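Step one of this worksheet: look at the structure below.
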Amino acid sequence: MDTGEVQGHSSLWRRKAVLFIISQGITLFGSSIVQMAIIWQVALETSSGFWLTVLTLSSTIPQMILSFFGGVWADRYSRKRLIILADAGIAVVTLVLALIFMFGKTANILPLLVLVSALRSVGSGIQTPAVSAVIPQIVPEEQLIRYNGINSSMMAIVQFASPAVAGAILSIGSFHWLLLLDVATALIGIILLSFVTITKLKKAEQSEQTFFADMKAGISYAAKELVVKRLLLTYGAFIFLSVPSSFLTVLMIERTFGNSYTYLTVNEMVGFAGMVLGGILLGTWGGFKQRTKTLVFGLVCFGTFSLVLGFTYTFWLFAVMMFLMSFFIPVVQTATTTMLQEHVPAEKQGRIFGLLGAMYSGFMPLGTAIFGPLADVIKIQWLVIGCGISLVILGLLRLFHSEES
């Protein structure tokens, strides 16, 4: 291959990758705005912890369950088509909700919002494994960690901007206009994705096994393949142990520094800023040559800063620790995703990323269910410190059991 062909090939995959990132970013932007608005709507309507819990479960449990099925579908059928169909399905559900708000009676709105949230979660469970499995088909292996780092930054930026945009729209317009914006972003994302050519896998269209046999084969592969099993378990442990320092900090701030919206806003801002810059770091640096070292680096640093956070009683130092801790979230997530993309055969990646999505959707609520009540009987700082130490130990164990040469 001459220089011109190499440059042409490089330019082609980069165009595909950029278009794919933009399409998914636009779709995520609309979805994040709507999910945020639904949470606000339920909170304002009820001021009830029960309804917020129901809403949280409705937006996570369907995705956790469907991730298994979505992973199998991503290995059996066209991944591009699955992403488009999931986006279109979510858009249709959202459009129906918008029309109800515009022309129907909304007296019984709470059950309807929970139902819509659950249906949107179903779409995410189908879409997410397919998105992760598509990436290695359009990005060269040596560029995966850079791409995943940039993609992680883009996702963090979208999630950071979503509350502000949702608030601005709701302050000048009705709830249904915000829903229609999500429909519009889904359509734009689908149109952009339609221009991305994705090569079909040999086994993508037809499988000799039944659906459930394929699912069983994917779970069996994950259980028997040491590298994959350790990565999935490590990621699940990371999500579980990060709950006190990631999701209980609102309580920690209120109990330690006082009831201040300024503190809460700063906490959210430095957290998102850390995640954005952490993703940019991987996008430019590319991580260590040995991927396991990058994963260990993220785990140990996150755990260390979580440990220090537990001993912090000055808010500006608290904010610095939150920034540094958040900086290493995309390092752990990107290293895990990249190692799976590099190790798992293309025809099995949908199922493995379905399992990875289920680990997140399962261990995050599990950690919240365990550490949330514990925070009422044990000082939150001790939970943060204990989990920080556990994460450092987890990282060192990964270092000693490295599968890479």
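The values are calculated or read from the model by the stated rules, or taken from the named source; none is laboratory data. If you're wondering where the values come from, they're calculated on a predicted model, not measured in any experiment. Positions of Cβ are backbone-derived with ideal geometry, glycine not excepted, and every protein chain shown enters the neighbour counts. Side chains are part of the model used for accessible areas, which takes the heavy atoms of the whole protein and leaves out ligands, DNA and RNA. Shrake-Rupley method; radii C 1.70, N 1.55, O 1.52, S 1.80 Å.
The table that follows gives values for the structure above.
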{"item": "Extension gain (nm, one decimal) between Ile188 and Lys216, 0.36 nm per residue minus Cα-Cα", "result": "6.5 nm"}
{"item": "Accessible area (Å², 1.4 Å probe, nearest 10) - Trp51", "result": "70 Å²"}
{"item": "Using a Förster distance of 30 Å, the FRET efficiency for Ile389-Leu57 (Cβ separation, nearest 0.05)", "result": "0.50"}
{"item": "When each of Lys200/Lys348; Lys80/Lys224; Lys229/Lys293; Lys200/Lys289 is checked by Cα-Cα distance, pairs over 19 Å", "result": "Lys80/Lys224; Lys200/Lys289"}
{"item": "Listed peptides 324-335, 222-233, 59-70 by packing density, highest first (mean Cβ within 10 Å)", "result": "324-335, 59-70, 222-233"}
{"item": "Given (i) 131; (ii) 185; (iii) 149, the label whose value is volume of the Cα convex hull per residue in Å³ derived from this model", "result": "(iii)"}
{"item": "Sulfur and carbon atoms: percent of accessible area, the chain [1.4 Å]", "result": "69 percent"}
{"item": "Helix-only [θ]222 nm of the chain, DSSP H runs n ≥ 4, -39500 (n - 2.57) each, per residue, nearest 500", "result": "-29000 deg cm²/dmol"}
{"item": "Alpha carbon centroid spacing (whole Å) that separates the stretch 299-377 from the stretch 101-168", "result": "18 Å"}
{"item": "Rounded accessible area per residue of the chain, 1.4 Å, Å²", "result": "45 Å²"}
{"item": "Heavy atoms of Arg291: accessible area, 1.4 Å probe, square angstrom to 10", "result": "30 Å²"}
{"item": "Helix runs (DSSP H) in the chain reaching 24 Å along axis by Cα, Kyte-Doolittle at least 1.6", "result": "79-103, 175-194, 380-400"}
